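Just so you know, all these numbers are worked out from the coordinates, no wet-lab data involved. Model, not experiment: these values are computed from the prediction. So basically every Cβ, Gly included, is an ideal-geometry build from the backbone, and we count neighbours across all protein chains shown.
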Amino acid sequence: MEQLQKIMIEEAQVLGNSIIKADSFLNHQLNVKLFNQMGQAFRDYFQTPIDKIVTCEASGIGLACIVAQYFDCNVVFAKKENSSLMVEDYYTEKVFSYTKQKESLFRVDKRFIHPGERILIIDDFLANGEALNGMISIVEQAKATVVGIGIAIEKGFQDGGERIRAHGYDLKSLVIVDRIENNELVFREDVVTNV
């Protein structure tokens, strides 16, 4: 997506060989105009009925909520922390965070994903695919169907996207970063759209 790529060039920071800091527009301060453009791009790509959007806390929630407006559906997010309010039965999956270098337990209340529902998974980043695999597992535990996966930024130099696609999922990344070279992002050009 051309606009996302442009903002990444202007605002994203590269930390080391694999960290892309996008906090000024994607996962701390949220660029709502950009999010709406991303929502439209996902709507244009996934032209199928969607019952719910699933994401994980915390960085995926803002984007998922904007995208949900384009599909006229609700958002369910996997909680990473246990809460005294989560007393009902829930689906769980252990997930290792690449960024935080620690394991979390994703939890989704069983009341919110039902068998047969058509689920679109939305997230801000895809690196090694651990969070995505956790969300897929929760959807499958619920006997719902993952009909698509929408990612804002995919790190193409890590194998998460390749592994997810190899399992047959319809994965749409708006921008794929092929590599980091001389502290600059090198984008995969075949995914850029004029949105």
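Within region 2-191, what percent of beta bridges assigned by DSSP are antiparallel, to the nearest 5? Don't skip to the end; give the middle numbers.
Working: 16 of 38 bridges.
Around 40 percent antiparallel, to the nearest 5.
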| task | Per residue of region 112-120, in order, report the coupling 6.51 cos²θ - 1.76 cosθ + 1.60 (Karplus, θ = phi - 60°) as ³J(HN,Hα) in whole Hz, putting x for Gly and Pro. | result | 9, 10, 10, x, x, 5, 9, 10, 10
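Please go through region 87-150 and write out the GluC sites (Glu not before Pro) that DSSP classes as loop and that have at most 10 other C-beta atoms within 10 Å.
Working: sites: E88, E93, E103, E117, E130, E140; in loops: E88, E117.
Sparse-neighbourhood loop GluC sites (Glu not before Pro): E88.
Expressed in whole Å with the largest first, what are the equivalent ellipsoid semi-axes of region 42-163 derived from the C-alpha gyration tensor as the square root of 5 times each eigenvalue?
Square roots of five times the eigenvalues give 20, 19, 13 Å.
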| Pick from G116, G168, G148: which is most flexible by mean-square fluctuation in a GNM of the chain where alpha carbon atoms under 10 Å apart are linked? | G168
| remark: Per the helix-only model, the chain has a calculated mean residue ellipticity at 222 nm (DSSP H runs of ≥4, -39500 (n - 2.57) each, divided over all residues, rounded to the nearest 500) of -8500 deg cm²/dmol
| Considering the zone a paramagnetic label at H114 would reach in this model (a point 7 Å from Cα along the Cα-to-Cβ line), which residues of region 35-74 have amide N under 18 Å from it? | 49-54, 72-74
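Any chance you could run the full-extension gain for E140 through V186? It's 0.36 nm times the residue separation minus the Cα-Cα distance, nm to one decimal. The partial results should precede the final answer.
Details: separation 46, 0.36 × 46 = 16.56 nm, distance 3.46 nm.
Taking 0.36 nm per residue and subtracting the Cα distance, the gain is 13.1 nm.
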| said: For D170, what residues show an amide H to amide H distance below 5 Å, using hydrogens built from the backbone and excluding near sequence neighbours? | reply: I149
| remark: In whole Hz, the Karplus estimates of ³J(HN,Hα) for region 66-77 (6.51, -1.76, 1.60; θ = phi - 60°; x where Gly or Pro) are 5, 4, 4, 4, 7, 10, 6, 9, 8, 10, 10, 10
| query | Tell me, what is the FRET efficiency for N74 and D159 to the nearest 0.05, using R0 = 35 angstrom and their Cβ-Cβ distance as r? | reply | 0.65
| Do any of K94/K172; K52/K110; K100/K172 go past 19 Å between their Cα atoms, and which? | K94/K172; K100/K172
| task | Using only alpha carbon pairs under 8 Å that are at least six residues apart, calculate the relative contact order of the chain and give it in whole percent. | result | 21
| note | Residue by residue through region 7-15, the couplings from Karplus 6.51 cos²θ - 1.76 cosθ + 1.60 with θ = phi - 60°, in Hz, x for Gly and Pro, are 5, 4, 4, 6, 10, 5, 10, 9, 10
